[in-house]
Amino acid sequence: MTLNLTPLSGGFGVEATGVDLSRPVPEADAAAMRDALRDRLVMVIRDQELDPDRYVESMKIFGDPMRQHLSKLLMPEHPEIAVLDSRVANTTRDDGKVMPIGSRDWHTDHTNHPRPPKMTVLYAVKLPARGGDTGFANMQAAYAKLDAAEQAELATMKTVNSIEQDVGYVDDAARAEFGAAQVHPFIRTHPETGKKAIYVHPGKLARFDGWEPDASRSFVNALLDRVLTPDVVYRHKWRPGDLVIWDNRALLHVAHTDYDHTEGRIMHRMCLEGDVPV
Ligand SMILES: [Fe+2]
C-alpha cells in the first residue's frame, strides 16, 4: 500500500489514499500526512473502515483527543467521539423551529473553550443519498486579501465567546463546566506556520470586547459576507469511507443542510487538543 497525497483544489485541501487507519500507520506516512495537513489545512482520507477503538487510536497521528461539550451526543464507551446523527441531534428552538445540527453559519469549533481544538475530524458512518456537503473556507487566504490598514484594525479586536443557549445537546453539567466566557483574538496566528487567520464562531460570539452585542454581530456578519468568496472555499462532497480532518486555526466550516434529515446522516466527530489562541 502506497500513500498518495493529491491536492483537492488550487488553493487548499489534500486527498490521501493508500493508507489504512485500521492498522498502525508507518511513521514515514504519518509524518507525510502531518506535513500535508499543515500545508493544505484540510485532508480527506479515503476508503476507511474504522471501529471506534481504531478511530480514536489512529487520530493520535495528528494529536491528542479532546473532551467535547456536546455531552448528550458522546459515545458512552468512547466519550472522545460525538455521534452527529441528523435524525436525533436536532434542536427545537423556543419558536418551534427545528434547527438541524451543524446547520449554523460558517464557524470554527468550540471557541467557548480556553484552548479550543486545533483540529476537528468527521468520519462518515452514514451518508444521505444526496446533499449534506461540508464547506471549508481558508481564513488565512481571506485575511491576506485585506489591505494592511484593515488587517491592523482587525488584529486589535478580541472576541468574547460563550456557549449557545438554544442547543439541546449540552446538559446542565456540561453547560456549567464549559459556560464561562472566553476571550480570544479575532485574528489568530498559526503556531506552526505563523500565518494569520480570521478566527470566529459567530454563534458563540457574545460580543467583541468593548462592543455591544448587536454591533458585534453586524460587524462579523458583514465582514464574513465580504471575505467568504468562492476562491477561498472548498466544498467537500462526501463518499462512503471518507474521514476528513481539518485545521480549526486556519479554516471556517459549514454543514450544508440540503438533504432529508429523517433519512439519517451520521458522522462520528472527534476534536484534537489545541493551544490558547494568540
Ligand atoms: Fe463545527
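Extension gain, SER22-LYS60: 0.36 nm per intervening residue step, less the Cα-Cα distance, totals 12.4 nm.
Placing +1 on each Lys and Arg Cβ and -1 on each Asp and Glu Cβ, with no other charges, gives the chain a dipole about its Cα centre of roughly 320 debye. Ranking of HIS236, HIS268 by neighbouring Cβ atoms within 10 Å, starting from the fewest: HIS236, HIS268. Structure remark: mean-square fluctuation, Gaussian network model of the chain, C-alpha springs under 10 Å; the largest value among ALA144, ALA124, ALA152 belongs to ALA152. Exposure proxy for THR111, THR156: other Cβ atoms within 10 Å of each Cβ, ordered fewest to most, give THR156, THR111.
Summing +1 for each Lys or Arg and -1 for each Asp or Glu among the other residues whose beta-carbon sits under 15 angstrom from that of LEU8 gives -1.
Considering only GLY241, GLY18, GLY194, the mean-square fluctuation computed in a Gaussian network model of the chain, springs between alpha carbons under 10 angstrom, is largest for GLY194. Over the chain, the Kirkwood radius and the radius of gyration, each from Cα atoms, give a ratio Rg/Rh of 0.94. When the charge dipole of the chain is built from unit charges on Cβ atoms (+1 for Lys and Arg, -1 for Asp and Glu) and taken about the Cα centre, the candidate among GLY241, ASN221, PRO79 whose Cα reaches farthest toward its positive end is ASN221. In the Gaussian network model of the chain, springs joining C-alpha atoms below 10 Å, which of ALA197, ALA141, ALA30 carries the largest mean-square fluctuation? Comparing ALA197, ALA141, ALA30 in a Gaussian network model of the chain, the most mobile one is ALA30. Quick one: grab the alpha carbon gyration tensor of the stretch 136-278, order the square roots of its eigenvalues as a ≥ b ≥ c, and give me rounded if a/c is under 1.5, else prolate or oblate depending on whether a/b is larger than b/c. Oblate. Let me know the number of lysine pairs in the chain closer than 14 Å at the Cα, not counting same-chain pairs under 8 apart. Pairs that pass both the separation and distance tests number 5.
Reducing the stretch 1-63 and the stretch 174-199 to their Cα centroids gives an inter-centroid distance of 25 Å.
Read-outs: derived from the displayed coordinates by stated rules, not from any lab. A quick note: this is a predicted structure, and the numbers were derived from the prediction, not measured. Neighbour counts are summed over all protein chains in view; Cβ atoms, including those assigned to glycine, are modelled from backbone coordinates with ideal geometry.
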